[in-house]
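Student: Pasting a structure below so you can have a look.
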Amino acid sequence: MSSEAFDLAVIGAGPAGMAAAATAAEQGLRVALIEGGRQLGGQYFRQPGPGLTAPWLPKLHHGRSRFERLAARVETSPRIEVLFEHQVWAVEPGFTVLTDRGPVTAADVVLATGSYERVVPFPGWDLPGVFTAGGAQALLKGNLVLAGRRVVVAGTGPLLLPVAAGLATAGAKVLGLFEANRIRGYAKHPLPVLTNPAKLVEGIDFARQFIRNRVPVRSGLMVVEAQGTDFLEAVVVARPDGSGRRRIACDALAVGYGLVPQIDLGLTLGCEHRMLADGTVGLRVDTNQRTSVPGFYAAGETAGIAGVETSLVEGEIAGLAVAAAFARSRARQAAVPDAAAAPADLRRRRDRQRGFADVIRVQHPVPAAWRDHLTPDTLVCRCEEVPARAVTEAVEDLGACDARTVKLLTRAGMGWCQGRVCGYAVACLARRDPTEPPAATDLLAAAKRPLARPVPLGVLAEQDRRNK
């Protein structure tokens, strides 16, 4: 790793991070692009491992040519140093980015860490063969492996569409795509839909794929139970109130209830946040993607889930904004082209896309009825093997009234995932009234942590040795 101080550190090499790094480098900045994985692209542009191929692969990756152009800008730039397999576990004021391979210092930081999946437990969700929707997609994109041969896709939100289409394209029999919400409400918001025609075209394309592959699409139905002994054998779908139960034999389930911005690094640094309509928390940013912490920017899904197009635009805006601020602070304005200020058309595109994302958030909430289908033995926290019974006892018998107290009484959220998987469910169950949404403080408790990743003691010891 280079010991020099960079002008900019970009954390995350997905669409937003790649766009920010490439744009800032083209404006003359020296950039460190820090990525925990081995490849560029993030989840959306996830590429298969070296040597892996399949005849259906070209149909699987949307925007392949766009990714290749963006990757070429990153890989050929002499001003970008890509640091693969660097797990970031903290950012210190200043900025020093602490990784498991040593610190990276920079004048400014762009946070582009993307998101992770929101998980809702139900009886049998811990059976082998039950995947999150993104997990099934990552397995397919990165390893060209099907989650199963007979697959059910369920949950809520637009991520279900490419997951179902991708599995069908790769040869799986998709027995049904079950959207938990009724989706008629889009007609009530025509302007955001009409001003994003690419989304309409994309939706029509998915519909064609489902017709061609004979994938049934049903709304108003959710998975209420996964059945099996040693592995998944069937799922039960029903309306949120439990009526209309139907058993479907299958060997895999891809279930997803939306995405959650990964903002732990920003929260720990003190960035202001905002609650979004879907019950998630994003970092608050201005029109140039600046957070409330000077010199710290957030692009893409860290500011709220809005899709790949928004991530690319916001990465570019952030890169231009950092370059302009850097030039002003160094009194080198003449050395930076006028384009360093984000053009108005970029902001307008970002605003249109964010408007459409807001509509999606309203149309795809997590049905509150998921709580009604839990059994006392249903695991809520898989890491610490905490069942729903223990959480209920903590709330109703021991007086817990927030997620932190539930955590202290049950150990829910203390495991390897640090609450990323069970945090939402625990925050909901900590509310006695099932109709009340989880409290913002409880959601933040699941998102804010002093270390963003588990850190081996050897890494801490080495860090201490270097500081002496």
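Student: Regarding ARG79, is this residue open to solvent by 40 Å² or more (accessible area, probe 1.4 Å), touching a residue at least 40 places away in the same chain (Cβ under 8 Å) and in contact with a Gly (Cβ under 8 Å, 6 or more places away or on another chain)? Before the answer, list the steps.
Tutor: Working: open to solvent by 40 Å² or more (accessible area, probe 1.4 Å): yes; touching a residue at least 40 places away in the same chain (Cβ under 8 Å): yes; in contact with a Gly (Cβ under 8 Å, 6 or more places away or on another chain): yes.
Judged against the criteria, ARG79 is a match.
Student: To continue, here is another question. Check off (1) open to solvent by less than 20 Å² (accessible area, probe 1.4 Å); (2) assigned to a loop (DSSP other than H, G, I, E, B) for VAL421 and give me the number that stays unchecked.
Tutor: Among (1) open to solvent by less than 20 Å² (accessible area, probe 1.4 Å); (2) assigned to a loop (DSSP other than H, G, I, E, B), VAL421 violates only (1).
Student: If you don't mind, there's one more thing I want to ask. Does the range 148-161 include one or more residues that are of a type in the set (S, T, N, Q), under 18 Å from THR132 (Cβ atoms) and not in a strand (DSSP E or B)? Quick ask: steps written out before the conclusion?
Tutor: In the first step, residues of the range 148-161 are kept if they are of a type in the set (S, T, N, Q); the result is 156.
Restricting the remaining residues to those that are under 18 Å from THR132 (Cβ atoms) gives 156.
Keeping just the survivors that are not in a strand (DSSP E or B) gives 156.
Scanning the range 148-161 turns up at least one residue that is of a type in the set (S, T, N, Q), under 18 Å from THR132 (Cβ atoms) and not in a strand (DSSP E or B).
Student: Kindly list, by first and then second residue, each pair from a residue in the range 58-69 that is open to solvent by 100 Å² or more (accessible area, probe 1.4 Å) to a residue that is part of a helix (DSSP H, G or I) and modelled with pLDDT of 80 or more, limited to pairs with Cβ atoms under 6 Å and residues at least 6 apart or on different chains.
Tutor: LYS59/THR169
Student: Return yes when PRO197 is on the phi < 0 side of the Ramachandran plot and either under 26 Å from the mean Cα position of the chain (by Cα) or charged (D, E, K, R) (or both) and no when it is not.
Tutor: Working: on the phi < 0 side of the Ramachandran plot: yes; either under 26 Å from the mean Cα position of the chain (by Cα) or charged (D, E, K, R) (or both): yes.
Considered against the rule, which asks whether it is on the phi < 0 side of the Ramachandran plot and either under 26 Å from the mean Cα position of the chain (by Cα) or charged (D, E, K, R) (or both), PRO197 comes out as yes.
This table checks each residue for (1) in a loop (DSSP other than H, G, I, E, B); (2) under 16 Å from ARG218 (Cβ atoms); (3) within 25 Å of the chain's Cα centre (by Cα).
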position: LEU232; (1), (2), (3): yes, no, no
position: VAL235; (1), (2), (3): no, yes, no
position: GLY244; (1), (2), (3): yes, yes, no
position: VAL255; (1), (2), (3): no, yes, yes
position: VAL260; (1), (2), (3): no, no, yes
position: GLY266; (1), (2), (3): no, no, yes
position: CYS271; (1), (2), (3): yes, no, yes
position: ARG274; (1), (2), (3): no, no, yes
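Student: Condition test on ALA390, is it open to solvent by less than 40 Å² (accessible area, probe 1.4 Å), more than 30 Å from TYR186 (Cα to Cα) and of a type in the set (A, V, I, L, M, F, W, C)?
Tutor: When the stated conditions are applied, ALA390 passes them.
Student: Residue by residue through the range 100-135, note down the ones that are of a type in the set (Ser, Thr, Tyr), touching a Pro at 6+ places or on another chain (Cβ under 9 Å) and either over 22 Å from LEU159 (Cβ atoms) or in a loop (DSSP other than H, G, I, E, B) (or both).
Tutor: Within the range 100-135, THR113 is the sole residue that qualifies.
Student: Can I ask one more? Go through the residues of the range 205-215 one by one and say whether even a single one is open to solvent by 70 Å² or more (accessible area, probe 1.4 Å), more than 27 Å from GLY355 (Cα to Cα) and either in a strand (DSSP E or B) or not aliphatic (A, V, I, L, M) (or both).
Tutor: In the first step, residues of the range 205-215 are kept if they are open to solvent by 70 Å² or more (accessible area, probe 1.4 Å); the result is 208, 211-212, 214.
In the following step, the residues that additionally are more than 27 Å from GLY355 (Cα to Cα) were identified as 211-212, 214.
Subset that is either in a strand (DSSP E or B) or not aliphatic (A, V, I, L, M) (or both): 212, 214.
Yes, some residue in the range 205-215 is open to solvent by 70 Å² or more (accessible area, probe 1.4 Å), more than 27 Å from GLY355 (Cα to Cα) and either in a strand (DSSP E or B) or not aliphatic (A, V, I, L, M) (or both).
Student: Taking only pairs six or more apart or across chains, which ones have beta-carbon atoms under 6 Å, a first residue in the range 290-306 that is farther than 16 Å from ALA323 by Cβ and part of a loop (DSSP other than H, G, I, E, B), and a second residue that is among the basic types (Lys, Arg) and open to solvent by 10 Å² or more (accessible area, probe 1.4 Å)?
Tutor: ALA306/ARG354
Student: Restricting attention to the range 174-190, and to residues there that are in contact (Cβ under 8 Å) with a residue 12 or more places away in the chain and either among the aromatic types (Phe, Trp, Tyr) or more than 19 Å from GLY155 (Cβ to Cβ) (or both), which single residue is least open to solvent (accessible area, probe 1.4 Å)? Even if it seems obvious, please write down each step before you answer.
Tutor: Going through the range 174-190, the residues in contact (Cβ under 8 Å) with a residue 12 or more places away in the chain turn out to be 174-183, 185-186, 189.
Filter again for either among the aromatic types (Phe, Trp, Tyr) or more than 19 Å from GLY155 (Cβ to Cβ) (or both), leaving 178, 186, 189.
On the way: PHE178: 2, TYR186: 56, HIS189: 67 Å².
The residue in question is PHE178.
Student: Shifting gears a bit: When the residues of the range 427-453 are narrowed to those that are free of Cβ contacts under 8 Å to residues at least 40 places away in the same chain and assigned to a loop (DSSP other than H, G, I, E, B), which ends up most open to solvent (accessible area, probe 1.4 Å)? Break it down into steps so the answer makes sense when it comes.
Tutor: Within the range 427-453, the subset free of Cβ contacts under 8 Å to residues at least 40 places away in the same chain is 427, 430-433, 436, 439, 441.
Filter once more, keeping what is assigned to a loop (DSSP other than H, G, I, E, B): 430-433, 436, 439.
Values: ALA430: 4, ARG431: 65, ARG432: 149, ASP433: 63, GLU436: 77, ALA439: 22 Å².
For the range 427-453, the residue satisfying everything is ARG432.
Student: With a cut-off of at least 2 residues that are at pLDDT 95 or above and touching an Asp or Glu at 6+ places or on another chain (Cβ under 8 Å), name the helices (runs of 4 or more DSSP H) lying wholly within the range 1-99. First the steps, then the outcome.
Tutor: Details: elements: 15-26, 57-60, 64-75.
Passing ranges, in order: 15-26.
Student: Out of GLY124, GLY102, report the one residue that is over 20 Å from the mean Cα position of the chain (by Cα) and closer than 30 Å to PRO240 by Cα. Break it down into steps so the answer makes sense when it comes.
Tutor: Details: GLY102 fails: closer than 30 Å to PRO240 by Cα.
Answer to the selection: GLY124.
Student: Okay, moving on. List pairs: first residue in the range 192-220 and within 20 Å of TYR257 (Cα to Cα) and touching a residue at least 12 places away in the same chain (Cβ under 8 Å), second residue open to solvent by 50 Å² or more (accessible area, probe 1.4 Å) and in a helix (DSSP H, G or I) anywhere in the structure, Cβ distance under 6 angstrom, at least six positions apart or on different chains.
Tutor: Note: pairs meeting the criteria are PHE206/LEU161.
Student: Something else about it: Could you please let me know if LEU29 is open to solvent by less than 10 Å² (accessible area, probe 1.4 Å), touching a residue at least 40 places away in the same chain (Cβ under 8 Å) and over 26 Å from the mean Cα position of the chain (by Cα)? So that I can check it myself, show each step before the final result.
Tutor: On the way: open to solvent by less than 10 Å² (accessible area, probe 1.4 Å): yes; touching a residue at least 40 places away in the same chain (Cβ under 8 Å): yes; over 26 Å from the mean Cα position of the chain (by Cα): yes.
Spelling it out, LEU29 is indeed open to solvent by less than 10 Å² (accessible area, probe 1.4 Å), touching a residue at least 40 places away in the same chain (Cβ under 8 Å) and over 26 Å from the mean Cα position of the chain (by Cα).
Student: Name the residue, out of VAL120, VAL151, that is open to solvent by less than 20 Å² (accessible area, probe 1.4 Å), touching an Asp or Glu at 6+ places or on another chain (Cβ under 8 Å) and touching a residue at least 12 places away in the same chain (Cβ under 8 Å). So that I can check it myself, show each step before the final result.
Tutor: On the way: VAL120 fails: touching an Asp or Glu at 6+ places or on another chain (Cβ under 8 Å).
Going through VAL120, VAL151 in turn, the sole match is VAL151.
Student: Tell me, yes or no, whether the range 318-333 has at least one residue that is modelled with pLDDT under 90, surrounded by fewer than 20 Cβ atoms within 10 Å (Cβ to Cβ) and at positive phi.
Tutor: Looking through the range 318-333, at least one residue is modelled with pLDDT under 90, surrounded by fewer than 20 Cβ atoms within 10 Å (Cβ to Cβ) and at positive phi.
Student: Looking only at the range 33-60, how many residues end up being out of contact with any Leu (no Cβ under 6 Å at 6 or more places or on another chain) and within 14 Å of GLU75 (Cα to Cα)?
Tutor: Our first condition is that a residue be out of contact with any Leu (no Cβ under 6 Å at 6 or more places or on another chain); within the range 33-60, this holds for 33, 35-47, 49-51, 53, 55-60.
Then keep just the ones that are within 14 Å of GLU75 (Cα to Cα); that gives 33, 35, 38-41.
Going through the range 33-60 one residue at a time, the tally reaches 6.
The values are calculated or read from the model by the stated rules, or taken from the named source; none is laboratory data. Bear in mind the structure is a predicted one, so any value in this text is a computation, not a measurement. Please note: Cβ atoms are built from the backbone with ideal geometry, for glycine as well, and neighbour counts cover all protein chains shown. Calculation scope for accessible area: heavy atoms of the full protein, side chains included, ligands and nucleic acids excluded. Shrake-Rupley method; radii C 1.70, N 1.55, O 1.52, S 1.80 Å.
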